[in-house]
2 protein chains.
Amino acid sequence: MATIFDVARRANVSVATVSRVINHPGKVTERTRRKVSTAMEACGYVYNALAMGLSTKRSRTIGIVIPNITNPIFSESTRGIQDYASEKGYHVILVNTDYLYEKEKKLVSLLREKQVEGLVLTTNKPEGEIVHGLIKDGFPFVLTYSHSKHPMAAFVGVNNIQGGMRATEFLIGLKHRRVGMIALDFSLSDRSYQRWLGYRRSLKKNGLPYDPDLVVQTEYTFEKGKKAVESLMTLPYPPTAVFCTNDILALGAMKGFKEIGKKIPEEVSIAGFDDIAFSKFVAPPLTSIHQPAYTMGWKATEILFELLSKFPFQASRHRILLETELVVRQSCAPLLKKKVKR
Amino acid sequence: MATIFDVARRANVSVATVSRVINHPGKVTERTRRKVSTAMEACGYVYNALAMGLSTKRSRTIGIVIPNITNPIFSESTRGIQDYASEKGYHVILVNTDYLYEKEKKLVSLLREKQVEGLVLTTNKPEGEIVHGLIKDGFPFVLTYSHSKHPMAAFVGVNNIQGGMRATEFLIGLKHRRVGMIALDFSLSDRSYQRWLGYRRSLKKNGLPYDPDLVVQTEYTFEKGKKAVESLMTLPYPPTAVFCTNDILALGAMKGFKEIGKKIPEEVSIAGFDDIAFSKFVAPPLTSIHQPAYTMGWKATEILFELLSKFPFQASRHRILLETELVVRQSCAPLLKKKVKR
DNA sequence: CTCCCGAATGAAAACGCTTACATCTTATAC
DNA sequence: GTATAAGATGTAAGCGTTTTCATTCGGGAG
């Protein structure tokens with residue numbers, strides 16, 4: 001592989017000059033610029049960004065940490081991150097935690113070894129040691145989806161408690177009195193926990209009792225969402241409405257209900273969270289809490305670059321709360337007077 | 001930031017020793033290993049993988065080039081790639097081409113500058129200069145989704161012509177005589193073109209005329225899929241069945257038909273391609289040609305690592321054709337005898 | 001108690017770039 | 001034609017690792 005040296009020799013200039021035509025073409029005579037360019041062509045020179053990174057201590061790379069790229073809500077925000085980053089000439093390294101905190105820890109540390117300049121992090125424990133370690137080291141990062149109470153943690157995302165309330169409130173407004181919940185295990189996802197907080201708060205606000213049997217915690221797959229329905233339906237008084245903490249679970253649940261012959265929304269109402277693009281196409285179209293994922297990724301990256309430039313930074317000024325929105329579709333209906341008994 | 005040097009000084013050993021405890025712990029006394037480890041802790045040492053990359057000429061990073069991470073078919077294969085790569089201790093840099101060849105070219109070249117060791121490439125022109133440049137330079141890569149005729153281009157994916165035939169044949173088998181097609185612009189995606197080839201071949205095989213008005217080329221969005229319906233329906237003899245070259249377009253088309261009051265599948269049948277996970281949830285569930293995307297990504301990476309180890313390599317031995325599968329759901333129905341007139 | 005050999009360690013060059021500083025050109029003003 | 005300043009170019013020292021080769025160490029055989 002040809003290096004800057006080979007090019008320099010071939011063009012009869014010094015390496016500094018070659019470097020200059022690459023980085024500051026203005027600081028070089030048109031004639032030598034041309035000479036060097038020709039030499040580069042001639043020996044098939046490929047710039048080595050690693051060496052640049054070592055030398056300048058700027059890798060021009062950022063890391064993205066998300067639970068699973070396969071979930072459209074995350075691929076959407078990832079795209080927002082990528083688009084902003086690439087506009088700035090940066091690349092992204094993408095990793096999946098699968099909601100596993102140990103994996104998250106390991107991956108964050110590997111990313112730092114790779115010398116990413118900053119992180120857009122969707123952490124599953126926003127008050128955990130990962131976030132605190134980053135802060136302690138003054139490492140630039142911005143949180144998405146999950147918010148940390150730490151004043152130095154930049155964040156862009158939605159208010160999950162409020163989102164959880166919106167969904168629950170809506171279901172209660174439809175006269176449902178037994179509203180269940182299918183959630184990601186709280187130990188896996190803080191967002192899930194927050195949404196549950198909102199759920200509880202709505203219940204209380206409306207004078208409804210909280211019944212722990214009505215909330216099932218599970219893992220992130222369609223199948224688990226489907227399975228959750230089973231346990232919900234074996235209850236003496238099964239729910240007439242179910243709030244799911246993400247759309248994937250909601251789709252699974254819908255499938256589960258259909259399979260045991262429950263009509264949606266006539267016999268059971270389902271609400272999701274995220275409002276991924278596909279939710280409007282499913283049958284029936286899913287009522288869901290919309291999160292502006294692309295914007296979230298974009299803005300998070302915007303902030304990250306601000307942190308990168310201003311050093312040391314004032315993260316506290318960087319907390320953006322975007323609005324969730326309840327998108328009403330046909331998966332929910334008012335509770336029928338005559339309760340369907342099974 | 002502490003370097004290997006600081007650690008060495010603190011532990012009273014040479015940098016070589018520190019490097020050894022990192023890379024070959026076996027080649028070092030237990031006592032010094034411990035000494036060095038403590039020193040690392042003490043000064044908060046973070047390994048610099050960039051420097052390692054420069055020194056060893058192995059970045060332990062591969063590049064993924066896809067049209068759009070937001071399309072589940074690509075996030076699925078991306079996950080396959082990531083899982084295999086991370087098992088090998090590699091990271092991935094992910095870029096989106098948006099089906100733009102110029103962008104693809106630029107990104108591939110940037111990726112090479114970043115010193116990725118290899119590429120998993122979904123190219124939009126498999127016989128274009130990008131692939132040929134890679135081959136000429138002996139740069140390791142494997143193609144996914146789109147197959148190149150070049151004997152040195154490794155590939156894992158499906159036979160798109162055959163896939164296109166399967167879908168079309170199925171529609172024809174349902175007695176449809178006017179089957180339309182909504183495709184990504186052929187200039188954007190070779191896959192789209194291949195599937196169209198299959199479409200034509202089926203037509204011919206079944207003695208049906210090819211009517212260019214029946215195929216509309218468009219861009220990759222739900223909306224464009226929807227729009228395509230309009231132009232199809234203004235035809236004197238609109239199609240009674242439509243084959244879409246991907247599920248996103250198919251969903252858009254379904255929406256388009258519904259909006260003008262056409263019932264699916266009674267009045268018009270729709271078949272897609274990719275069989276993304278969501279297609280089974282939509283209304284009506286979409287008949288589609290299944291591609292094993294995760295496996296595709298996984299196997300492609302497997303091959304890539306083989307290429308990386310065996311050098312120079314024999315790509316010709318590395319072409320894996322996975323089977324597509326027609327997944328029949330409820331979006332298609334036999335043509336009614338009495339033709340619905342509009 | 002030596003001697004010798006293998007294992008553990010250290011010294012230093014190399015990886016390909018950037019950049020501060022020094023040096024050399026050139027054009028301008030007189 | 002010369003002095004001078006501005007601009008172009010060159011020199012060389014890093015950046016943080018790995019790795020080859022040389023050196024030192026420790027322990028078993030004699």
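The values are calculated or read from the model by the stated rules, or taken from the named source; none is laboratory data. Bear in mind the structure is a predicted one, so any value in this text is a computation, not a measurement. Backbone-built Cβ (ideal geometry, glycine too); neighbour counts: all protein chains shown. In case anyone asks, the SASA skips ligands and DNA or RNA and just uses the protein heavy atoms, side chains included. Shrake-Rupley method; radii C 1.70, N 1.55, O 1.52, S 1.80 Å.
Below is a table of values for the structure above.
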read-out: Loop-located trypsin sites (Lys or Arg not before Pro) in segment A:252-294, at most 14 other Cβ atoms within 10 Å (DSSP); value: A:263
read-out: Residue order for B:111, B:308 - accessible surface, 1.4 angstrom probe, largest first; value: B:308, B:111
read-out: Copies compared at residue A:2 - label distances in nm, ascending, label defined 7 Å from Cα in the Cβ direction; value: 4.3
read-out: With DNA, RNA and ligands ignored, accessible area of residue B:17 (1.4 Å probe; Å², nearest 10); value: 30
read-out: Heavy atoms of residue B:213 accessible to a 1.4 Å probe, total area in Å² rounded to 10; value: 100
read-out: Solvent-accessible area lost in complex, 30 Å² minimum, residues of segment A:66-92 relative to chain alone, 1.4 Å; value: A:69, A:70, A:75, A:79, A:82, A:91, A:92
read-out: Computed magnitude of the charge dipole of segment B:209-321 (debye, nearest 20; Cβ of K, R +1, Cβ of D, E -1); value: 300
read-out: Rounded, prolate or oblate (a/c below 1.5 giving rounded, otherwise prolate when a/b exceeds b/c) for segment A:160-291 by Cα gyration tensor; value: rounded
read-out: Residue with peak Gaussian network fluctuation, chain B [Cα springs, cutoff 10 Å], from B:234, B:324, B:38; value: B:38
read-out: For residue A:287, residues with placed amide H under 5 Å, excluding near neighbours; value: A:272, A:329, A:330, A:331, A:332
read-out: From phi via Karplus (6.51, -1.76, 1.60), per-residue ³J(HN,Hα) for segment B:108-124 in Hz, x at Gly/Pro; value: 4, 6, 5, 4, 5, 5, 6, 6, 4, 7, x, 10, 9, 10, 9, 8, 8
read-out: Identity and axial distance of the chain B residue whose Cβ lies nearest the axis relating B to A, Å; value: B:283, 1
read-out: Residues whose placed amide H lies under 5 Å from that of residue B:155, excluding near-sequence neighbours; value: B:143, B:319, B:320
read-out: Amide proton proximity set for residue A:211, modelled H, under 5 Å, gap of 5+; value: none
read-out: For segment A:53-61, 3J(HN,Hα) per residue [Karplus equation, 6.51 cos²θ - 1.76 cosθ + 1.60, θ = phi - 60°, Hz, x = Gly/Pro]; value: x, 5, 5, 8, 6, 9, 7, 6, 9
read-out: Convex hull volume per residue for segment A:1-151, taking Cα atoms only, in Å³; value: 139
read-out: Shape category assigned to the protein assembly as shown from the gyration tensor of Cα positions, a/c cut at 1.5; value: oblate
read-out: Computed Kirkwood radius, in angstrom, where 1/r is averaged over Cα pairs of segment B:237-335; value: 15.3
read-out: Of A:44, A:118, A:225, the one that fluctuates the most in a GNM where chain A has Cα springs shorter than 10 Å; value: A:44
read-out: Residue order for A:58, A:329 - accessible surface, 1.4 angstrom probe, largest first; value: A:58, A:329
read-out: 3J(HN,Hα) from dihedral phi, segment A:226-231, Karplus parametrisation 6.51/-1.76/1.60, rounded to Hz, x for glycine, proline; value: 5, 4, 4, 4, 3, 5
read-out: All Cα pairs of segment B:22-86, percent lying beyond 14 Å; value: 73
read-out: Residue with peak Gaussian network fluctuation, chain A [Cα springs, cutoff 10 Å], from A:260, A:289, A:93; value: A:260
read-out: Accessible area, probe 1.4 Å, largest first, for residues A:247, B:137, A:211; value: B:137, A:211, A:247
read-out: Volume of the Cα convex hull of segment B:4-47, divided per residue and given in Å³; value: 54
read-out: Contact order relative to length of chain B, as percent, for alpha carbon pairs under 8 angstrom and 6 or more apart; value: 17
read-out: Over segment B:136-183, relative contact order from alpha-carbon pairs under 8 Å, at least 6 apart, %; value: 23
read-out: Inter-copy spacing of residue B:206 label points, which lie 7 Å from Cα along Cα→Cβ, given in nm from shortest upward; value: 5.1
read-out: Residues of segment A:259-292 buried by at least 10 Å² on assembly (accessible area, 1.4 Å probe, chain alone as reference); value: A:277, A:278, A:280, A:281, A:282, A:283
read-out: Shortest-first distances to equivalent copies, position residue B:237, nm, label 7 Å out along Cβ; value: 6.4
read-out: Area buried, chain A against chain B - accessible surface, total, 1.4 angstrom probe, square angstrom; value: 4100
read-out: Inverse mean reciprocal Cα-Cα distance (Kirkwood Rh) of segment B:44-119, Å; value: 13.3
read-out: Per residue, in Å², the accessible surface of the protein assembly as shown once ligands and nucleic acids are set aside, probe 1.4 Å; value: 43
read-out: Fraction of accessible area attributable to carbon and sulfur, segment A:4-47 (%, probe 1.4 Å); value: 51
read-out: All-pairs alpha carbon distance profile, chain B, 20 Å steps from 0, percent; value: 29, 43, 20, 8, 0
